[in-house]
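Notes follow the structure.
The values are calculated or read from the model by the stated rules, or taken from the named source; none is laboratory data. On a predicted model such as this, the values are computed, not experimentally measured, just so you know. FYI the Cβ positions are ideal-geometry reconstructions off the backbone, even for glycines, and counts take in every protein chain you see.
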Amino acid sequence: MANRHQARESTLETLYAWSTAKQDPEMLPGLLESRLQHEEREDQDENYFRESVYAITDHVEALDEVIKTAVRGRSLRSVAQIEINVLRLAVWEMQSRLEIPYRVIINEALELTRDYAGEPPRSFINGVLDNLAKQIRPAEMKEKK
């Protein structure tokens, strides 16, 4: 079975490399291929990986606008690249992958944050995603309470 967590890890690594290289769209195919060759990720959901990378990079400005509404007291420029890319992935999933419960999306984002950025940013990421879930998935949040 294809592993979505591995695909999310590859997506995050690809987005990080892309965003630190001035968001050059021409480098995406090479970055994708590099991540697909990663031996530890041979079970990853390749379709999910490709879809998420291209959807996020194609709509990065719109995703950032959504994120700005929940980042209180900070500009997005002050948010570390790894953190902003975790948020982009989670917001894309909340908007586009309605079959995935928002709590699963938030839990995955927190796990990625812990693995790639450490413990301190987790509360920031959790707060932002909780606020965004209220905006993006209000009906689902009401059901869970």
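Scanning segment 47-60 for residues being under 19 Å from Asn3 (Cβ atoms) and either over 16 Å from the mean Cα position of the chain (by Cα) or loosely packed, with under 15 Cβ neighbours inside 10 Å (or both) gives a total of 1. Once segment 1-26 is narrowed to residues that are over 23 Å from Gln95 (Cα atoms) and part of a helix (DSSP H, G or I), the residue that is modelled with the highest pLDDT is Ala17. Within segment 92-145, if we keep just the residues that are closer than 19 Å to Val71 by Cβ and of a type in the set (D, E, K, R), the residue that is modelled with the highest pLDDT turns out to be Glu93. Flag not set for Glu111, criterion: over 13 Å from the mean Cα position of the chain (by Cα) and assigned to a helix (DSSP H, G or I).
The sole residue among Ile125, Ile100, Ile106 that is in contact with an Asp or Glu (Cβ under 9 Å, 6 or more places away or on another chain), surrounded by fewer than 20 Cβ atoms within 10 Å (Cβ to Cβ) and of a type in the set (Val, Ile, Thr) is Ile100. Residues that are outside any helix (DSSP H, G or I) and among the acidic types (Asp, Glu) were ranked within segment 27-51; the one that is modelled with the highest pLDDT is Asp45. Note on segment 98-138: residues that are at negative phi, out of contact with any helix residue (DSSP H, G or I) (no Cβ under 8 Å at 6 or more places or on another chain) and not aliphatic (A, V, I, L, M) total 8.
Which one is surrounded by the fewest Cβ atoms within 10 Å (Cβ to Cβ) among residues in segment 1-34 that are among the hydroxyl-bearing types (Ser, Thr, Tyr) and within 18 Å of the chain's Cα centre (by Cα)?
Step one: list which residues in segment 1-34 are among the hydroxyl-bearing types (Ser, Thr, Tyr), which gives 10-11, 14, 16, 19-20, 34.
Narrowing further to those that are within 18 Å of the chain's Cα centre (by Cα): 10-11, 14, 16, 19-20.
Details: Ser10: 25, Thr11: 29, Thr14: 25, Tyr16: 18, Ser19: 17, Thr20: 11.
The residue in question is Thr20.
Restricting Val104, Val66, Val91 to residues that are assigned to a helix (DSSP H, G or I), among the hydrophobic types (A, V, I, L, M, F, W, C), out of contact with any Ser or Thr (no Cβ under 9 Å at 6 or more places or on another chain) and without any contact (Cβ under 8 Å) to a residue 12 or more places away in the chain narrows the list to Val104. With respect to the conditions (1) surrounded by 18 or more Cβ atoms within 10 Å (Cβ to Cβ); (2) more than 14 Å from the chain's Cα centre (by Cα), Leu63 lacks only one, and its number is (2). Note on segment 87-101: residues that are closer than 17 Å to Ile125 by Cβ and among the basic types (Lys, Arg) amount to 1.
Do we find a residue being surrounded by fewer than 20 Cβ atoms within 10 Å (Cβ to Cβ) and more than 26 Å from Ala139 (Cα to Cα) anywhere in segment 85-97? For segment 85-97, residues surrounded by fewer than 20 Cβ atoms within 10 Å (Cβ to Cβ) and more than 26 Å from Ala139 (Cα to Cα): absent.
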